[in-house]
Ligand SMILES: Nc1nc2c(ncn2[C@@H]2O[C@H](COP(=O)(O)OP(=O)(O)OP(=O)(O)O)[C@@H](O)[C@H]2O)c(=O)[nH]1
C-alpha cells in the first residue's frame, strides 16, 4: 500500500517539465492582464473543471425532477462521489440536506441547490481553527512536507514570492537533498521569487540543511524560513524518522519561532490525496494543507473530503502554474466559485 501511496512519477520527466516551465516563465514577462485579473475570477477559472463536474451536473438533475424524492438524492449522491467528495462526506451531505428539506418543509426542487451550497460551506468551515497561515509573530518557520511530484517546489516558490510581496524577509532551506535536480529547481524558484536560499549538496543530511537554514534565518533576521523536506519516503516508519529528526532540530534550535507544518497534496489524485494526508497526519503534526493543481481537475470535491475526514484545515490552494497562482483558501469563495454561472 505504501508503495502505491508514495509511488513516484518519472522524476527526470517531472524535472524537465518543471525546468522548461520555469524557463518559459522567466522569458515571458507575466502579462499585466493576468496579474490584474481578479482574485475571484482566477479562482473561478481554475475551478472550471470542478464546476462542470459538480454544479453543471447538479443543475441538469435538478431541472429533470418535478418533486423531491429518494431517486433525486441518489443521483446527487452519485455526482458528489464522482467529483471525489468521498463516500463518507457525500453520505453526510445528502443526509443533512434531507434533514433540512424536512425541517424547513421544502417542496421546490430548485431550492436544493442553495441547501447544497449551505451544506458545503458548513463542512468547509467546521474545522474551527484559524485558517490563515501561522506565521505571526515572526520569526516563523514553515515546514513543507509531501510526496514527490505533488507540487511542493512550486508551492514553496509561490509562497516565498507572496510573503516577500507582503513585505516579509523570506529565506528558503532546500531540505530535499535526495536529488540534485530538486535543489536546482528550488534555487530557480527562489531566484524568481527574489529570496535567498540555503542549500547543500545532493545527498547531504536534510536535518543539517534545516539546521543551517535556522542559523542563517537568525543571523539575517528573516521573518519566515520556508523549509523543503524530502518526499521520497517509502514507508511510514522512514517518514516518521526523517520528519521527527527535522522537528527535533526545529524545537531545539528555533523554539521561539512560530510554526506551521504544511502538507502539500495534489488534487488531481482525488481520494489518493486523502490517503496521503492521513498517512502524513499519523507521522507528524500537520497544521495546514495545501491542495495543488485544483485547476487541472474535476476532482475539486476532494477539498471537502480532506477537510471533513482529516479535520485539518485546507489553508492554501494552487490554481495554476504561475508564481502568483497560490491563493488563501476561502470556503465561501470556493463554494461560490464552483456554483457560479
Ligand atoms: N496546473 C497546476 N500545476 C501545478 C500546480 N502546482 C504545481 N504544478 C505543477 O506540478 C508539477 C510538479 O511540481 P513540483 O513543484 O516539481 O513538485 P514537487 O512536489 O516538488 O516534486 P519533485 O520536484 O518531483 O520533488 C510541475 O510541473 C508544476 O508546474 C498548480 O497549482 N496547478
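Please work out if residue 53 is under 20 Å from the mean Cα position of the chain (by Cα), at pLDDT below 80 and either part of a helix (DSSP H, G or I) or within 16 Å of the ligand (Cβ to nearest atom) (or both).
The answer is no for residue 53.
Between 74, 33, which is modelled with pLDDT of 90 or more and in a helix (DSSP H, G or I)?
That would be 74, the only listed residue that is modelled with pLDDT of 90 or more and in a helix (DSSP H, G or I).
Results for (1) within 10 Å of the ligand (Cβ to nearest atom); (2) in contact (Cβ under 8 Å) with a residue 60 or more places away in the chain; (3) within 23 Å of residue 295 (Cα to Cα); (4) within 19 Å of the chain's Cα centre (by Cα), shown as yes or no for each residue.
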site: 151; (1), (2), (3), (4): yes, yes, yes, yes
site: 154; (1), (2), (3), (4): yes, yes, yes, yes
site: 157; (1), (2), (3), (4): yes, yes, yes, yes
site: 164; (1), (2), (3), (4): no, no, no, no
site: 167; (1), (2), (3), (4): no, no, no, no
site: 185; (1), (2), (3), (4): yes, yes, yes, no
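Could you identify the single residue in 337, 283, 257 that is under 18 Å from residue 135 (Cβ atoms) and more than 12 Å from the chain's Cα centre (by Cα)?
Among 337, 283, 257, only 257 is under 18 Å from residue 135 (Cβ atoms) and more than 12 Å from the chain's Cα centre (by Cα).
Can you give me the ranges of the strands (runs of 3 or more DSSP E) entirely in region 236-341 with at least 3 residues that are away from the ligand (no atom under 16 Å from the Cβ) and under 30 Å from residue 209 (Cβ atoms)?
Of the strands (runs of 3 or more DSSP E) lying wholly inside region 236-341, those with at least 3 residues that are away from the ligand (no atom under 16 Å from the Cβ) and under 30 Å from residue 209 (Cβ atoms) span 258-266.
Of the conditions (1) surrounded by fewer than 17 Cβ atoms within 10 Å (Cβ to Cβ); (2) in contact (Cβ under 8 Å) with a residue 12 or more places away in the chain, residue 71 clears all except one; give me its number.
It fails just one condition, (2).
The values are calculated or read from the model by the stated rules, or taken from the named source; none is laboratory data. These figures come from a predicted structure and were not determined experimentally. Methodologically, a virtual Cβ is constructed for each residue, glycine included, from the backbone with ideal geometry; neighbour enumeration extends over all protein chains shown.
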